[in-house]
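As structure tokens, the structure follows; a few thoughts come after it.
The values are calculated or read from the model by the stated rules, or taken from the named source; none is laboratory data. Just so we're clear, the structure is a prediction, and the values are computed from it rather than from any experiment. Backbone-built Cβ (ideal geometry, glycine too); neighbour counts: all protein chains shown.
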Amino acid sequence: MTLLTAVLFYFGWASSDAESTALGLQDSLFHLSTSDYLLRSVQALFLPAWVVAGAALAAVGLHRWAADEPRRTAWAARRLRFAWLPPLALLAPYRLHPGLFDLLIPLSAIIGFLLTAYARTRPPPATPEASGTTGLTGTRRRHHQRVWALTVLISVLLLFWAVYAYAGVVGRGRAAETARSMSTKDPAVVVFSKYDLMIRGGGSCYFRVLEKGSAFGFRYSGLRLFHIAGDRVYVVPVRWSPGEGTVWVLEKSDSVRVEYVSGPAGRAEKCE
């Protein structure tokens with residue numbers, strides 16, 4: 001459970017960092033909490049979780065198939081003892097597509113090391129596990145434990161590498177989706193303020209409030225909701241893009257009121 005929580009948190013942070021970088025920002029600007037990182041990782045990890053579950057079921061089935069016939073076990077063990085070598089071949093074309101091979105190399109290496117440990121800890125087919133003296137059996141058991149301990153350690157390190165690579169893919173995908181949906185899906189934002197907040201440019205609208213008795217003197221529209229963290233509201237102008245644009249950070253207070261407008265009519269608002 002501790003390892004799972006660590007992986008979820010790490011994935012949430014890595015994907016948020018990749019998303020922020022793709023948007024030309026920094027993850028630290030949004031003050032995300034531990035819960036935010038965990039929640040952001042759950043949805044994206046559904047597919048990998050199903051893949052891992054399917055691979056585990058396939059491994060169990062193959063083990064039973066090999067264990068039913070000693071010759072099959074011996075044949076598989078001889079060929080899997082060096083299963084950690086083929087993933088090294090992926091290092092040669094790494095520069096052709098670093099983003100892809102950053103994910104393929106650790107995943108294939110994990111599989112290779114697990115298969116190697118499995119092959120090297122199988123008992124000889126012609127010798128039952130219980131045969132021999134007690135000292136010999138204990139020595140073999142300790143050797144197997146060391147092999148699996150080292151394999152698990154290497155696999156965990158490779159797992160974090162794979163998680164970071166996959167998080168980068170997810171984060172960049174989220175950033176692209178954010179850029180596409182800014183003017184079509186995200187709610188429009190209208191800001192009223194007692195003081196001039198100097199929100200200008202990018203298609204944002206600036207008005208003076210002239211109604212008598214109003215507690216606010218300025219109104220801003222042509223904005224889109226970007227993010228909310230506690231009392232902070234992050235807004236961008238309607239023509240914002242990752243390569244060019246400003247993110248304004250507003251803190252809710254008695255002098256600032258933030259309204260959210262949904263629907264096409266609100267998003268189509270123009271400065272008049």
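The figures follow:
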read-out: Of all residues in region 160-186 being hydrophobic (A, V, I, L, M, F, W, C) and surrounded by fewer than 19 Cβ atoms within 10 Å (Cβ to Cβ), the one that is nearest to ALA22 (Cα to Cα); value: ALA176
read-out: LEU39 being part of a loop (DSSP other than H, G, I, E, B), in the same structural domain as ILE111 (by TED's automatic domain parsing) and under 25 Å from THR2 (Cβ atoms); value: no
read-out: Close pairs (6 angstrom Cβ cut-off, 6 or more residues apart or separate chains): over 24 Å from VAL163 (Cα atoms) in region 48-66, of a type outside the set (S, T, N, Q) and assigned to a helix (DSSP H, G or I) anywhere; value: ALA66/ARG72; ALA66/ALA76
read-out: Filter result for the condition that a residue is free of Cβ contacts under 8 Å to residues at least 40 places away in the same chain, over 23 Å from LEU103 (Cβ atoms) and in the same structural domain as PRO87 (by TED's automatic domain parsing), over VAL147, VAL152; value: VAL147
read-out: Count of residues meeting criterion [assigned to a loop (DSSP other than H, G, I, E, B) and either modelled with pLDDT of 85 or more or hydroxyl-bearing (Ser, Thr, Tyr) (or both)] in region 168-183; value: 1
read-out: Hey, ALA67 over 30 Å from TRP248 (Cβ atoms), surrounded by 12 or more Cβ atoms within 10 Å (Cβ to Cβ) and touching a Ser or Thr at 6+ places or on another chain (Cβ under 7 Å) or not; value: yes
read-out: Residues that are small (Gly, Ala, Ser) and modelled with pLDDT of 80 or more, drawn from region 115-161; value: ALA117, ALA119, ALA149, SER155
read-out: Contacts under 9 angstrom Cβ, first residue in region 83-111 being within 14 Å of THR151 (Cα to Cα), partner in a loop (DSSP other than H, G, I, E, B), 6 or more apart; value: ALA109/TRP84; ILE111/ALA83
read-out: Answer from VAL235, VAL209 - the residue that is touching a Phe, Trp or Tyr at 6+ places or on another chain (Cβ under 8 Å) and either in the same structural domain as PHE30 (by TED's automatic domain parsing) or closer than 25 Å to LEU32 by Cα (or both); value: VAL235
read-out: Among the residues listed as ARG95, ARG72, the single one being over 20 Å from ALA167 (Cβ atoms), of a type in the set (D, E, K, R), assigned to a helix (DSSP H, G or I) and modelled with pLDDT of 80 or more; value: ARG95
read-out: Residue identified as farther than 24 Å from GLU177 by Cβ and within 16 Å of the chain's Cα centre (by Cα) among LEU114, LEU91, LEU107; value: LEU107
read-out: Cβ-Cβ under 9 Å pairs, at least 6 apart or on other chains, region 7-32 side under 17 Å from VAL235 (Cα atoms) and in a helix (DSSP H, G or I), far side of a type in the set (Asp, Glu) and at pLDDT below 85; value: GLU19/ASP27; SER20/ASP27; PHE30/ASP36
